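Just below is one structure, and these are the notes that go with it.
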Amino acid sequence: MAEMPVLQGKGISMKFGEALVLDSVDVAFHPGKVYGVVGENGAGKSTLMRILSGFLQPISGEIYVDGKQTVLNPYKAKELGIVLVPQELNLVEPLRVYENIFLGDEPTGRFLIDKKKMIQEASEIIKNLDVDIDPMELVERLSTGKKQMVEIMKALSRSVEILIMDEPTASLSEDETQKLFETVKKLKTSGITVIFVSHRLKEIVQIADELVVLRDGKKVYQGALSDFSETQIAEMMVGRKMDEIYPEKVGWEEKNVLEVRDLNSADGKIRDVSFTLKNGEVLGFYGLVGAGRTELMQTIIGVRKLSSGEIFVDGKPAIIRSVKEAMKNGIVYLPEERKLAGLILNFEVFKNTSLMTLDKISKIVTKPKVEVERFEFYRKSFDIRVRGPYQITHTLSGGNQQKLVLSKLVETGAKIFIMDEPTRGVDINSRYQIYKIISELASKKMASFIVVSSDLPEIIGLCNRVIVMRNGTIVGEAVGEEVEETNLIYMALGVSESQEKFKE
Ligand SMILES: Nc1ncnc2c1ncn2[C@@H]1O[C@H](COP(=O)(O)OP(=O)(O)O)[C@@H](O)[C@H]1O
Ligand SMILES: [Mg+2]
């Protein structure tokens with residue numbers, strides 16, 4: 001018979017309002033093992049961890065500790081040695097490191113809280129973790145990574161049997177992460193159960209013995225990690241094969257929506273570029289870093305000065321000297337760096353959707369009602385994962401921020417979208433959503449797209465035609481079957497396939 005689990009959940013379900021966020025989850029954790037819990041944003045990981053540590057009561061289901069059914073609450077959990085390092089930092093900023101470590105748990109001397117003992121024990125914990133933190137330092141002075149480490153020390157100062165860490169490495173440096181992993185290994189050898197939530201699959205593969213996968217509130221896998229590749233784990237998380245992530249490629253109409261003729265930028269970075277974009281096309285631009293793709297797009301939208309050349313929109317000559325003039329011509333640009341995408345991060349999310357169209361709306365009404373409605377429309381159709389329209393933008397994940405940027409661009413009614421590395425740093429499900437949005441708008445001929453990407457699978461999966469650039473100019477084009485890895489790489493490098501074969 002298998003050894004009894006130290007902690008087990010049977011049929012755990014949870015609702016927030018009407019939303020079922022955990023659906024009959026069965027999980028079991030054994031002593032001396034490290035469990036990696038993965039799932040996309042919103043899969044229910046944090047909710048499950050809060051239930052397993054007594055901070056939330058499930059609507060149904062049972063929890064067993066050492067085989068005995070138990071109703072957990074935070075005190076009971078503490079007594080049983082179940083310690084949660086929550087996803088959100090929970091420190092008292094104006095207090096010192098050692099004070100935070102022992103907060104609510106102070107070892108008492110005869111009459112007074114034993115300060116000396118606390119400092120000594122804090123130093124001990126810090127030494128074991130091998131990090132450079134002064135126990136006397138004020139927490140508010142620490143970097144976010146170090147604060148996270150203090151949060152972990154707080155957990156380690158307790159008598160812990162089961163350590164649950166919810167995305168502990170999110171703000172840790174590579175070095176700090178490795179030190180944390182060393183500690184996890186030590187804990188494991190001393191028989192402690194470690195439950196480690198992360199969406200960084202590399203870390204999971206490195207640290208975990210067993211894997212728990214949640215998807216949309218359901219447990220879809222628990223078992224040995226052994227042979228899974230990162231791709232396979234990602235596939236379990238999203239519930240589809242990676243090669244199904246790209247929607248079916250769409251055709252285009254012969255009509256040119258954009259034509260660029262003999263374009264040269266004033267700074268010499270772009271030379272003699274000519275190409276056309278067809279109606280409803282998803283046109284790829286591939287090249288190595290520094291090939292001039294971003295510079296070309298900047299020249300087209302008027303951010304970079306051109307010295308000669310012509311641009312036609314819908315067959316008519318267009319003068320574009322600024323982003324505003326580009327927008328007047330129905331062209332919008334999604335920059336390579338999300339930081340530059342013009343989201344106002346301390347705004348409520350709904351305000352960002354209508355950021356570029358405020359005039360239009362304020363002419364009709366002055367209340368934010370319309371803005372909220374517009375946001376809700378995109379929230380639904382783009383699957384933007386937020387708690388509500390008033391959530392502050394910077395609290396969204398990268399992928400959801402990117403979908404918000406898209407809502408803002410689509411809301412302008414633009415017909416031509418130039419997207420520079422649209423899915424860089426974006427989680428897998430948001431990527432899927434972004435591809436779907438592109439494909440839908442293109443197939444309905446509501447918009448045409450230029451996709452600049454260094455991600456070959458992405459450009460191959462998405463585009464029927466790919467233009468390749470090198471040294472500030474176009475060096476090749478691939479259509480249909482030619483849109484294929486070696487072909488694109490050879491063009492980008494400037495070696496022909498026959499030359500390459502000759503060398504061998
Ligand atoms: N306190 C709460 N009130 C309402 N909804 C919540 C609350 N906490 C989480 N949710 C919702 O429950 C779902 C699961 O969230 P969570 O457990 O935080 O997922 P994960 O940690 O896997 O990203 C999400 O849709 C989230 O918006
Ligand atoms: Mg979470």
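Remarks
- All C-alpha pair distances within segment 298-343, sorted into 5 Å bins from zero, spread as 5, 21, 29, 25, 11, 7, 2 percent across the bins.
- Approximate spin-label separation Phe181-Asp23, in nm, with each point projected 7 Å along Cα-to-Cβ: 3.4 nm
- The residue among Val150, Val323, Val194 whose Cα reaches farthest toward the positive pole of the charge dipole of the chain, with charges on the beta-carbon of Lys, Arg, Asp and Glu, is Val323.
- Net charge, Val349 excluded, C-beta distance under 15 Å - Lys, Arg +1, Asp, Glu -1: +3
- DSSP finds beta bridges in the chain, and of those with both partners inside it, around 55 percent are antiparallel.
- Anchor Lys255: lysines whose Cα lies under 16 Å away (excluding residues fewer than 8 positions away in-chain): Lys278, Lys316, Lys415, Lys444, Lys445
- Net charge of Cβ neighbours under 12 Å - reference Asn329; Lys, Arg +1; Asp, Glu -1: +3
- Here is the list for segment 315-424: GluC sites (Glu not before Pro) lying in DSSP coil, each with at most 12 other C-beta atoms within 10 angstrom of its C-beta, are Glu337.
- Taking the Cα atoms of the chain, the ratio Rg/Rh between the radius of gyration and the Kirkwood radius comes to 1.05.
- Antiparallel DSSP beta bridges within segment 7-240, as percent of all bridges there, nearest 5: 60 percent
- Placing +1 on the Cβ of every Lys and Arg and -1 on the Cβ of every Asp and Glu, with nothing else charged, gives the chain a dipole about its Cα centre of roughly 1520 debye.
- Cα convex hull volume per residue for segment 7-240 (Å³): 130 Å³
No value in this document is a laboratory result; all are computed from the given coordinates. These numbers come from a predicted model, not from an experiment. Methodologically, a virtual Cβ is constructed for each residue, glycine included, from the backbone with ideal geometry; neighbour enumeration extends over all protein chains shown.
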